[in-house]
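The values are calculated or read from the model by the stated rules, or taken from the named source; none is laboratory data. In this text, all values refer to a predicted model and were calculated from it rather than measured experimentally. All Cβ positions, glycine included, derive from the backbone under ideal geometry; neighbour counts span all protein chains shown. Note: areas computed on protein heavy atoms with side chains; ligands, DNA, RNA excluded. Shrake-Rupley method; radii C 1.70, N 1.55, O 1.52, S 1.80 Å.
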Amino acid sequence: MANPLIISNFDNYSTIVKTMLIFELISQYESICRMAMSGCAAKLNKSIKTNIIEILILIMAIPRKINFLQLGRYGRRGEQCYRQTFGRRFDWLQFNMNLASDRFQYGCRRLAIAIDPSYVSKAGRKTPHVGRFWSGCASAVKHGLEILGIGLVDADLRDCMMLRAVQTMAVGELKAMEMTLNQWYIAVLKKYAPQLRRITDCVVADAAFSVKPFVDDLLDIGFHLVSRLRNDAVLYYLHQGGSTCKRGRPRKFDGKIDFDHLDMDRMEEMTIGRDGEKAYEIIAHSKALGRDVRLVVHILRDGSHRLYFSTDTAMRGIDVFDIYHTRFQIEFCFRDGHQFTGLKDCQARDEDKLDFAFNASFAAVNIVKTMRKQLGLDLSIGQIKSLMVNAHMLIRFFNVFGIDPNKALNAKRVKELFGIAARAA
């Protein structure tokens, strides 16, 4: 009787699965890793590079929790070797930028740097920077860790590639340094600004970052912000008339914007392709930010409105609208990291090892996205992980027992085993 987990129409499941041997799936994954390492691993010897590549493969080949014990069980090296490799510092930003350059076209698309903090559960009191952080899933403050994710979003492809993850300091540590949380985020962006500005000078973030201190500091380090304002934000029309030739300061504003009764003579309507919804753009003055912004007023079907803005007044309104809505793609990177690549599984209590674990998790997701594009795979990350788990296990069997998977007698069974659990993922 056939195994119920085996895909019933496996021959039609994917063109690449029918034509590639199972060895070539992992081989392609490995070749992408080596390509992305160019220019970012010059200070590491060949042995360390090989260890990092093997770890990235094992992240996709281990079906359960991805910790040092599991790496030792599934890998070719001892557990202690993997612990030592996690303690190494690696240029994850350049590694992921190399991957993103294959997925996105720098300079040819509407790109933006997306930033978003994410809660990572962690028990105990001895882990570096452990504290109480906001969890969006639980809608509450919880004990654990927080990482600031820095991703690259493409408003045309509607996709995101994570570039770097940095662990956030606890509130008590920030108070001792006389820093606010937003100042810490700015310090992280400033550290990586020279590399990030080579891609784009646009940063997109949610409404929590649309405050004057953050915006001013972000502009100081050479970035513009695309974000959202409160629905009751105070904004003014800019005065378009000439000088009145009267004494005193020249007139700058021409009345407060009433979002229930917009002045359509001043607004420019946008085409957003959503039935029952409208959007208008205008250059307005924000009282909260103390500066002129490119404002997009999005009118929803129920009559309510949302306000998006860019500090770059030369940016088109449709770009502001699309970039902000693409920002949510970074949340899917966090989701994939939690579900498939062990983002919260690392049990280390060393800051460097935790940093390696967080970034290796996101790098594995990026590699799969790159492989999916290169091979034309119409599969989810979960399905690809299932195939790679099966492929890695079969390779181990073949190596130990000396089985030739290319023989006609074994070809059918190999194909069936290769497809186990792919549908369930």
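How much FRET efficiency would the formula 1/(1 + (r/R0)^6) give for E269 and R89, where r is the Cβ-Cβ distance and R0 is 56 Å, rounded to 0.05?
On the way: r = 51 Å, r/R0 = 0.91.
Here the calculated transfer efficiency is 0.65.
Kindly state, as a whole number, the per residue volume in cubic angstrom of the convex hull around the alpha carbon atoms of segment 149-215. Don't jump to the answer; show the numbers that get you there.
Working: hull volume 6.9 nm³, N = 67.
Considering the Cα atoms of segment 149-215, their hull volume per residue is 103 Å³.
So, with a 1.4 angstrom probe, what is the percent of accessible area on the chain that is carbon and sulfur?
Working: 10320 of 20900 Å².
About 49 percent, which is the carbon plus sulfur part of the accessible surface.
Relative contact order of segment 69-202: what whole-number percent is it, with Cα pairs under 8 angstrom and at least 6 residues apart?
Details: 168 pairs, mean separation 30.7, N = 134.
Contact order relative to length: 23 percent.
Provide the gained length on full extension for the span A176 to Y236, in nm with one decimal, where the gain is 0.36 nm per separating residue minus the Cα-Cα distance. Kindly include the intermediate steps, with their values, before the conclusion.
On the way: separation 60, 0.36 × 60 = 21.60 nm, distance 3.95 nm.
The A176-Y236 span can extend by a further 17.6 nm.
Limiting things to C-alpha atoms, what are the Rg and the maximum Cα-Cα separation (Dmax) for the chain, in angstroms?
Cα radius of gyration and Dmax of the chain are 25.1, 96 Å respectively.
So which residue, out of K246, K43, K256, gets the largest mean-square fluctuation from a GNM of the chain using Cα contacts under 10 Å as springs?
K246
How far is helix 181-196 tilted off the main Cα axis of the chain, in degrees rounded to 10, range 0 to 90?
Here the helix axis deviates by roughly 70 degrees.
Which lysines does K287 reach when only Cα atoms under 24 Å apart count, and residues fewer than 8 places away in its own chain are ignored?
Within the straight-line limit of under 24 Å, K287 reaches these lysines: K212, K252, K256.
Nearest 0.05, what FRET efficiency do D254 and E277 give at R0 = 25 Å with Cβ-Cβ as r?
Approximately 0.35, to the nearest 0.05.
Need the full-extension length gain, R132 to K46, defined as separation in residues times 0.36 nm minus the C-alpha distance. One decimal, nm.
This chain segment gains 27.0 nm when fully extended.
In segment 278-339, which trypsin sites (Lys or Arg not before Pro) fall in coil by DSSP and have 16 or fewer other Cβ atoms within 10 Å?
Numbers: sites: K278, K287, R291, R294, R301, R306, R316, R327, R335; in loops: K287, R301, R316, R327.
Passing sites in segment 278-339 are K287, R301, R316.
Set the Förster radius R0 to 35 Å, insert the Cβ-Cβ distance between Q347 and S304 as r into 1/(1 + (r/R0)^6), and round the FRET efficiency to 0.05.
Given R0 = 35 Å and the Cβ-Cβ separation, E is 0.15.
Could I have the simple spin-label model distance between S101 and S121, label points 7 Å from Cα toward Cβ, reported in nm to one decimal?
3.9
So how far apart, in nm, are the two label points at K212 and F398 if each is 7 Å from Cα heading toward Cβ?
So the two model labels end up 6.5 nm from each other.
Taking Rh as the Kirkwood radius computed over C-alpha pairs, what is the Stokes-Einstein D of segment 58-102 at 20 °C in a medium of viscosity 1.002 mPa s, expressed in µm² per second?
After rounding, the answer is 178 µm²/s.
What are the extents of the Cα atoms of segment 286-382 along their three principal axes, in Å, largest first?
So the extents along the principal axes, rounded to whole Å, are 46, 38, 29.
Taking K65 as the anchor, which lysines have their alpha carbon closer than 18 Å to its alpha carbon, excluding any fewer than eight residues away along the same chain?
Within the straight-line limit of under 18 Å, K65 reaches these lysines: K122, K344, K353, K385.
Within segment 244-315, which GluC sites (Glu not before Pro) sit in a loop by DSSP and count at most 13 neighbouring Cβ atoms inside 10 Å?
Listed in order of number, the matching sites are E277.
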